[in-house]
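The structure under discussion appears below in the form of structure tokens.
The values are calculated or read from the model by the stated rules, or taken from the named source; none is laboratory data. Not measured: the values here are computed from a predicted model. So basically every Cβ, Gly included, is an ideal-geometry build from the backbone, and we count neighbours across all protein chains shown. For accessibility, only protein heavy atoms count, side chains too; no ligands or nucleic acids. Shrake-Rupley method; radii C 1.70, N 1.55, O 1.52, S 1.80 Å.
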Amino acid sequence: MTGFGRAAGALSARYFVAITAKSVNHRFLETSVRIPEYCGKPSHGARPRSDTFARGKVDISIRVQRTAQPDYSVRINTQIANTVVPQLRAIAEELGLGSTFSGGDLLRIPDLLQVEAIDSEITEEEREALAALVRSALALMRDMRVREGISLHTDITARLQTIRELQQRLALHRDDIRTELLASYQSRVQEIARWPASRSTRPHRPGSGDHVEKGDVAEELTRLAHHVEQAEKAVSGGEAAGRKLDFLSQEMLREVNTMGSKSRSAALRTLVVELKTEVERIREQVQNVE
């Protein structure tokens, strides 16, 4: 499921941080954290946990702003000094310019003086403050995911109820389907009977009972009802059910397609199309479910 959370605050007089946590749909739980090296890694309690987030790609971005002047490291590049300064002194003496250099002269030598801000590691107190802000951002993201989950629960439950109603309407057409199949069989038998007896390619005449039995949709209706029941339990179970619902929706679609292939009845095909529409919409929705 998708979600977004943001938290910001001061870690100390030295640092101010802004944290964003985002999640998008993904088959498994995948987490990435972007944080400055000197801040270290968030503690285990400040990272998304598998018992809280079952699926999804979670991205946490931590931006740190310095609010106090840092300490600086000043270093003279001795390799440059030992190489360049003697050569400059020799040139100056050759030209009669003297052999002394002012500080300003030395500062003009590229890379001779290296000044860098010292990014000291954050203290334990700052680390705890950072972890608390990360947990706040994750909590806001989780709240958004919960709200989306409620909407998905309502939508999927309503569609399962529609599938159950369509299934019951389709069950009322079982006798019509059997009658249609029997008529088709009788027509086929009459066609075979008109073939000359001497023809060696005369087709085999199957038994009417077998023909009608194979065309009956009772088994598909029973399995579809079972899948719907299992899906309703999964939706109401309060646990991560995305993968189970994905599997059940595939099985429901399989049964619906099988029923559609067993009859040419316009009424049946209309019901099958409606069933397929509802099941496919559930399949789309369960991709957003943990």
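Among the residues of the stretch 137-174, which ones are among the small types (Gly, Ala, Ser) and more than 26 Å from Thr222 (Cα to Cα)? Answer for the stretch 137-174, where residues must be among the small types (Gly, Ala, Ser) and more than 26 Å from Thr222 (Cα to Cα): Ala137, Ala139, Gly149, Ser151. Just so you know, in the stretch 60-99 the residues that are open to solvent by 50 Å² or more (accessible area, probe 1.4 Å) and part of a loop (DSSP other than H, G, I, E, B) include one that is modelled with the lowest pLDDT, and it is Leu97.
Scanning the stretch 13-27 for any residue that is out of contact with any strand residue (DSSP E or B) (no Cβ under 8 Å at 6 or more places or on another chain), of a type outside the set (Asp, Glu) and at pLDDT 80 or above turns up at least one such residue. Consider the stretch 241-251 and keep the residues that are open to solvent by less than 100 Å² (accessible area, probe 1.4 Å) and over 17 Å from Asp155 (Cα atoms). The one that is farthest from the chain's Cα centre (by Cα) is Glu251. Cβ separations smaller than 8 Å between residues 6+ apart or across chains give no pair from the stretch 161-174 residues that are on the phi > 0 side of the Ramachandran plot to residues that are at pLDDT 90 or above. Scoring Glu213 on the criteria (1) modelled with pLDDT of 80 or more; (2) closer than 18 Å to Thr258 by Cβ; (3) charged (D, E, K, R) leaves a single failure, condition (1). Going through the stretch 131-158 one residue at a time, which ones are open to solvent by less than 50 Å² (accessible area, probe 1.4 Å) and not β-branched (Val, Ile, Thr)? Of everything in the stretch 131-158, those that are open to solvent by less than 50 Å² (accessible area, probe 1.4 Å) and not β-branched (Val, Ile, Thr) turn out to be Ala131, Ala132, Leu133, Ala137, Leu138, Ala139, Met141, Arg145, Glu148, Gly149, Leu152, Asp155. Of all residues in the stretch 232-253, those that are farther than 21 Å from Val273 by Cα and at pLDDT 85 or above have Cβ atoms under 7 Å from Cβ atoms of residues that are open to solvent by 80 Å² or more (accessible area, probe 1.4 Å) and in a helix (DSSP H, G or I), 6 or more apart or on another chain, in Ala234/Lys244.
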